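The values are calculated or read from the model by the stated rules, or taken from the named source; none is laboratory data. Everything numeric here is computed off the predicted structure, so don't read it as measured data. Quick reminder, even Gly has a Cβ in these numbers, built from the backbone with ideal geometry, and neighbours come from all protein chains shown. Quick note on the areas: whole protein, heavy atoms, side chains included, nothing else; ligands and nucleic acids left out. Shrake-Rupley method; radii C 1.70, N 1.55, O 1.52, S 1.80 Å.
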Amino acid sequence: MNKSLTIGNYHVLLIILFFSFGKLLHGQEYIYEEHKTITVEAITQDFDLLIESLKTVHPNLYNYIPADSLNAVIDSMRGELKHALTEDQFHVEVRKLISKIGCGHTTAKPSVSWYQYQKNESKILPITVYIVDQRIYLSQSFSEDTLLKRGNEILAINQHPAKDIIKEMRAIQQRDGYSQSYVNYNMQALFNTFYLFIYGRSDQYNIDYINEFGQPASTSIRAGYAFAPKATTSVTGNSIELKMSGAKFSIPKGNSSYAVIDIDYFATKGFKKFYKSVFKTIEKNNIEYLVIDVRDNGGGYFLNGNRLLSYLLKEPFQMHFWRPRTKVTDNEYLKMHKSNVLTEKLFKAIPDRDANDPNRNFKLKYKPAKKNHFSGQVFILTNGGSFSLSS
């Protein structure tokens, strides 16, 4: 299991860049500037610090890539650091490295200052897209000054061909193992953000496309914001509905044979009570079919995922995972969220299930719920965004 840690799972580059730049700038607060370059010495120092941190903290760095292969990639990248880079350029290079690891919980982010700068300027590509067979199609435009229509194939953006955009975006996506579903999902859902990472921002974007008549055309749109609508379960006229933060339960009006649980994420609080109400309602209404919607669900608190399974599985089950018996060396550039610190302490209190194994083994055992257990048919709705616990 990947240890839940702020630097390893979510904020590798943010922590490394933000704090080491502060050190290299003699304690000055790091302020992002769009075209400001960082010296080769500073970039190399940050890169080596990142590698040291990954090798120290990541619980299974070589699960999907042998150590010699990863080290060859690292050496090659280090050898390419011969010129000053902007933060944006360095960020992209680090993302390319991290994608080789095959751990979807390990990613890279720019500095806090970078995000603040982009928020204030609001000059991103104002469209959402969907990608099919290595082709980009318009889903929605948020610009009023465009001839683009939903379904138009986009051939190029600011002279960058669609196939090159897809290739560049694919190279910087974190992923679990060899699966491409999460990669494809991220490319589509965060297209604007990854375009910004790779190509930067513009005051306007020139788009070559195929119009609704099948003819090549070009247009320009002003920069702005784009907000993609979340996929939701379409249930209208509910006779019964229960809600909590991040989850909703409903029984459609006029068809009481099935019910829907739509879970956006598995939060730490509220699910125990929610499940009790949901499955009590299911039992009371003699529901035969249960639809569980975890599309776009990025995971969350594992106990609340397993608690859901206890209402569905007929036999006892267990969650088995392991991590190396390595001691994490203190590093002033590694930070951990308070909830992750508590999780780490919790797992340290769990007995090792196999003292002869060089790895530390954990097993959490669960029994089926005795009250209001569901024995009907279950259907699961998933997509590439069903990640971590929800997968």
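Here are the numbers for this structure:
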read-out	value
Computed over the range 255-391, the ratio Rg/Rh where both radii use C-alpha atoms and Rh is Kirkwood	1.04
Estimated FRET transfer efficiency when R0 is 45 angstrom, pair Lys280-Thr39 (beta carbons, to 0.05)	0.10
Average projection area in nm² (convex hull over Cα atoms of the range 19-138, one quarter of hull surface)	9.7
Partners for Lys370 among aspartates and glutamates (Cα-Cα distance below 12 Å; same-chain residues under 8 apart left out)	Glu315
Given Lys100/Lys149; Lys123/Lys269; Lys280/Lys363; Lys96/Lys119; Lys149/Lys248, the pairs whose alpha carbons are separated by over 31 Å	Lys100/Lys149; Lys123/Lys269; Lys149/Lys248
Rg/Rg_globular for the range 70-116, with Rg_globular taken as 2.2 N^0.38 Å and Rg from C-alpha atoms	1.25
Accessible surface of the range 133-185, 1.4 Å probe, proportion on carbon and sulfur as whole %	47
More than 19 angstrom apart: percent of Cα pairs within the range 144-198	35
Computed lengthening from Lys338 to Asp68, 0.36 nm per intervening residue step minus Cα-Cα distance	93.8 nm
Loop-located GluC sites (Glu not before Pro) in the range 247-341 whose Cβ has at most 15 other Cβ within 10 Å (DSSP)	Glu288, Glu332
Förster radius 30 Å - calculated FRET efficiency between Arg222 and Lys167, Cβ distance, rounded to 0.05	0.65
DSSP loop chymotrypsin sites (Phe, Trp or Tyr not before Pro) with at most 14 other Cβ within 10 Å: longest gap in the chain	1-177
Pair Met77, Gln204: separation of 7 Å Cα→Cβ label points (nm)	3.8
Per residue accessible area in Å² of the range 26-159, where ligands, DNA and RNA are left out and the probe is 1.4 Å	50
Residue-averaged 222 nm ellipticity for the chain, from DSSP H runs of 4+ at -39500 (n - 2.57), nearest 500	-10500 deg cm²/dmol
Set Lys327/Lys367; Lys276/Lys367; Lys36/Lys82; Lys272/Lys365; Lys243/Lys365 screened for pairs whose C-alpha atoms are more than 23 Å apart	Lys327/Lys367; Lys243/Lys365
Rg(Cα)/(2.2 N^0.38 Å) for the range 238-302, N = residue count	1.09
Candidate aspartates and glutamates for bridging to Lys314, where Cα separation is under 19 Å - those fewer than 8 sequence places away on the same chain excluded	Glu283, Glu288
Rounded FRET efficiency, nearest 0.05, which uses the C-beta distance separating Ala267 from Lys345 and R0 of 22 Å	0.60
Low-density loop cleavage sites - GluC sites (Glu not before Pro) in the range 110-169, where at most 10 other Cβ are within 10 Å (DSSP)	Glu144
Candidates per trypsin sites (Lys or Arg not before Pro) in the range 285-386, loop by DSSP, up to 12 other Cβ within 10 Å	Lys314, Arg325, Lys327, Lys370, Lys371
Measure of compaction for the chain (Cα Rg per 2.2 N^0.38 Å)	1.12
